[in-house]
Amino acid sequence: MKLRVERDSFSDAVAWAARILPQKAALPVLAGLRLEVGPDGALELSGFDYEVSAQAQLEATVAEAGSILVPGRLLAEIVRSLPPQPIDLSTDGARVVVSCGSSRFTLPTLPLDEYPTLPAMPQVAGTVGSDAFAAAVAAVAIAAGRDDALPVLTGIRVEIDGEQVTLAATDRYRLAVRTLKWAPVDPGMQATALVPARTLAEAAKSLTSGAEVTLSLSAGGPGEGLIGLSGAQRSTTSRLLDGEFPKYRSLLPDSSSATATIDSAALTDAVRRVALVASRTSPIRLSFSPDGVSLEAGGVDEAEAQESLPAEFEGEALTIAFNATYLLDGLGSLDSDEATLAFTGPTKPAVLTGKTGSDGGTDHRYLLMPVRLSS
Amino acid sequence: MSRRQLERDGTPLNLPGDDTGCHVLHADMDAFFASVELRERPELKGQPVIVGGRGGRGVVLAATYEARRFGIHSAMPMSRALRLNPTVTVIEPHHTKYSEASRGVMEIFRSITPIVEPLSLDEAFLDVAGAGRRLGSPRQIAELIRARVADEQGLPCSVGVATTKFIAKLASSRAKPDGLLVVPGQSVTAFLHPLPIGALWGVGEKTEEVLTRLGLRTIGDIAATSESTLVAAVGQAAGSHLHALAWGRDERHVTAHEPDRSIGAEETFGHDVADVAVIRRELLRLSERCAARLRASGQVGRTVSIKIRFADFRTITRSRTLKEPTDVTRVVYDTARSLHEALNADGELLRLVGVRIEGLSSAEETPHQLALAGGEDEWRAAEHAIDLATARFGNGAVRPAALVDKDAGGSAKRNEP
């Protein structure tokens, strides 16, 4: 194999495909990044760890076609630090030479015949705007669990109902649900999938260079489900999670006893300030009344903080306490200059919503369980 | 009961001075578990009696002074004690009785002064600086304590009276059994210096070996050695500490104890165990025990730790702090089990496992992050129901299915520190 590539696009592609490679690979070949070049001048980079695969394509000037497997993270680091000049790659027996300007690196290659076959991209299900999709996934992923002991909760539930996609995630303390419009291949499509939240969030975020992302889905039996995302010369697949996602729709209350609407930036700043005196386990307390909202944290033997904000309030006055981080996560995911909190009681979930999105197609709800204060 | 008790050697002590300024008392029950048992078995008074498990790995938990004459002492393997005197009366321990007696004794102490620092079930420091006007001189207060403990609890205790904790503790050992010793401020060095170095707080077997190699036999020898020599021999912290103590200097105050800092239970297996299923079952049982004690005391804990002792006595502990304080058996067990799994110690022979919950706080006063339906809050409700059944029908009325079989043939001995 012998070829020349443009430095910046090569660096981006390598970084993108190598990002999924494990720090410590279960098998040595899984630390490898496969470089494959056809006579047509397209270079394809592939990484795979049996859970997630990532592929990137770019143009190259090819002198000799071929395939090699190289240590992926090392190649990414080298390429990132190279000067802005064309990069030459060529094999030399079992080694590969990377040269750029006056720099020259020689890397060992890994045995390509031991490298697993990447999963085929499943059948295309539809397309979605890349920025809206990335924003939706990020807003929902914050509510996903991080405890591997409860794998179902580390996922984002994707529900497709015709032209609507609903994303939901919960760690049992909060639940984020967002619905957005998309363009399915089959307008009557009905499907669900549970996708690892971190993988989906990273993939969605890194696929925003094109206007659209193509979603592909295959259900398969347990352990065989696969989701694919592709856009502008990048594609990735992830294995789906198995297991039953909680029946979250019944958790969303259909009525409320009080609602408060507050400037979301002002509330975020106030929560951040007041939370400075709240220890990791102690909550911040919010008292709502027609006069507005007053925030408090800390206690008699510790530092205390207090702050008041105007709020449009309707209903019965109440005091409710939240974990400050969970509340801030929710406010950060709203994407709106106004936040509305709906309550049914101090030990019942509160629902945080923003103004309906400007595109008219976005609906976001963040359900937050309160902290029960000492009696 | 310290490992190295100073027996009375019979030589009368001549300690000039009075009890002025001796506001620290160390009260120590004599052969506590044995004395508690003898309350119900008065016919055994004056005879060699030991309390301890008879199982293969039982140890002596307490021995009457009559039994000690045969060389028997606490922490000695039961088999060895029985070789020393095969006719000694052995009584199986009854821990609830001891905790109850201990509570009674500590209540007496707290009625004397609010500044009581319990060291274990059967000993405590008291600071009586503020009780003088009400109750008399430190010596009189010590007499009062001994009389009240004998009267109200029917138990003997010894009290040391001194200006510092360290001397008070030595004085009570020297006063045993059933005695009282005041070490006046001006007689501290006269009392201290003839004692063997092993009597110093912080001198274990290794330090003792090092110091003996330097030719130091008594505390007086240590006092006469320069601090720098001590530091060179045993290290900076230990060296300075020993030097100060040898001159009777001890800066520590008596501090009234907060409620329990932790709740734990451990189990020494009858035989070393490698079977993961058996170990997990034990972790579950210990988790249940700790969590039930938390619930009974109205507390929640934030950190779960496990202790593992391998067959070769290597001992390790591992802990994890939870997101939310808990009193739920299920959560304690899941954490203990995952800590055990993370050790990758499969197949290794274990001698002991323990579970401990730390970072305790009152359940009432601790904010609790509520969860959406399902999970922890429901386990909590179920376990509170179990606690009620247990209160009504006795221990083990309702328990995890995994624990049901084993109790039929339980052969292991339980230590509850």
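Things to note:
- Here is the size of region A:85-197 from its Cα atoms: Rg then Dmax, 21.5, 58 Å.
- For region A:252-368, the spread of Cα coordinates along the three principal axes comes to 48, 26, 24 Å, biggest extent given first.
- Modelled this way, with points 7 Å down the Cα-to-C-beta line, the labels at residue A:63 and residue B:151 are 10.6 nm from one another.
- Loop-resident sites, region B:227-303, for GluC sites (Glu not before Pro), counting at most 10 other Cβ within 10 Å (DSSP): B:251
- Taking trypsin sites (Lys or Arg not before Pro) across region A:234-339, the ones in a DSSP loop with at most 12 further Cβ atoms lying within 10 angstrom of their Cβ are A:247, A:280.
- Region A:119-181 versus region A:319-353: alpha-carbon centroid distance in Å: 20 Å
- For region B:126-277: rounded, prolate or oblate by the Cα gyration tensor [a/c cutoff 1.5]: oblate
- Label point distance in nm, residue B:209-residue A:304, each placed 7 Å from Cα along Cα→Cβ: 5.8 nm
- Within 10 Å of the Cβ of each residue in A:142-152, the mean number of Cβ atoms contributed by other protein chains is 1.
- For peptide B:305-318, the mean count of partner chain Cβ atoms within 10 Å of a residue's Cβ comes to 0.
- Within the same chain, lysines fewer than 8 places from residue A:348 are excluded, and of the rest, those with a Cα less than 22 Å from its Cα are A:247, B:323.
- Counting only lysines at least 8 places from residue B:45 when in the same chain, those with an alpha carbon closer than 19 Å to its own are B:97, B:176.
- Coarse-grained scattering of region B:193-246 at q = 0.17, 0.26 Å⁻¹, given as base-10 log I(q)/I(0) from a Debye sum over alpha-carbon atoms: -0.39, -1.01
- For peptide B:246-256, the mean count of partner chain Cβ atoms within 10 Å of a residue's Cβ comes to 0.
- Residue B:312 paired with residue A:363, simple spin-label distance in nm, labels 7 Å along Cα-to-beta-carbon: 6.5 nm
- Between region B:71-124 and region B:328-356, the alpha-carbon centres lie 30 Å apart.
- Applying 1/(1 + (r/R0)^6) with R0 = 35 Å to the Cβ-Cβ distance of residue A:242 and residue A:42 gives a FRET efficiency near 0.50.
- Sorting A:177, B:149 from the fewest to the most surrounding beta carbons within 10 angstrom yields B:149, A:177.
- Degrees separating the helix B:376-393 axis from the principal Cα axis of chain B, which is the longest one: 70 degrees
- For chain A, calculated [θ]222 nm from helices alone, where every DSSP H run of n ≥ 4 adds -39500 (n - 2.57): -5000 deg cm²/dmol
- Our summary of shape: the Cα atoms of chain B have principal axis extents of 71, 50, 48 Å, ordered from largest down, in whole angstrom.
- Computed over the protein assembly as shown, Cα set: Rg, Dmax in Å: 35.5, 106
- Here the calculated FRET efficiency for residue A:279 and residue A:120, from their Cβ-Cβ distance with R0 = 45 Å, stands at 0.35, rounded to the nearest 0.05.
- Modelled FRET efficiency - R0 51 Å, residue B:190 with residue A:347, Cβ distances, 0.05 increments: 0.15
- Paramagnetic label zone (point 7 Å from Cα along Cα-to-C-beta, residue B:129; backbone N under 13 Å) in region B:86-119: B:115
- When its C-alpha radius of gyration is set against 2.2 N^0.38 Å (N residues), chain A gives a value of 1.18.
- Cα long-axis angle, helix B:236-246 against chain B (0 to 90 degrees, to the nearest 10): 50 degrees
- Counting only DSSP H runs of at least 4 residues, each contributing -39500 (n - 2.57), and dividing by the residue count of chain B, the helix-based mean residue ellipticity at 222 nm comes to -11000 deg cm²/dmol.
- Value of relative contact order over region A:2-114, rounded to a whole percent, pairs C-alpha under 8 Å and six or more apart: 30 percent
No lab work stands behind these numbers, since they all come straight from the coordinates. The structure displayed is predicted, hence computed values, not measured ones. Because the Cβ atoms are built from the backbone with ideal geometry, glycine has one as well, and the counts that use them run over all protein chains shown.
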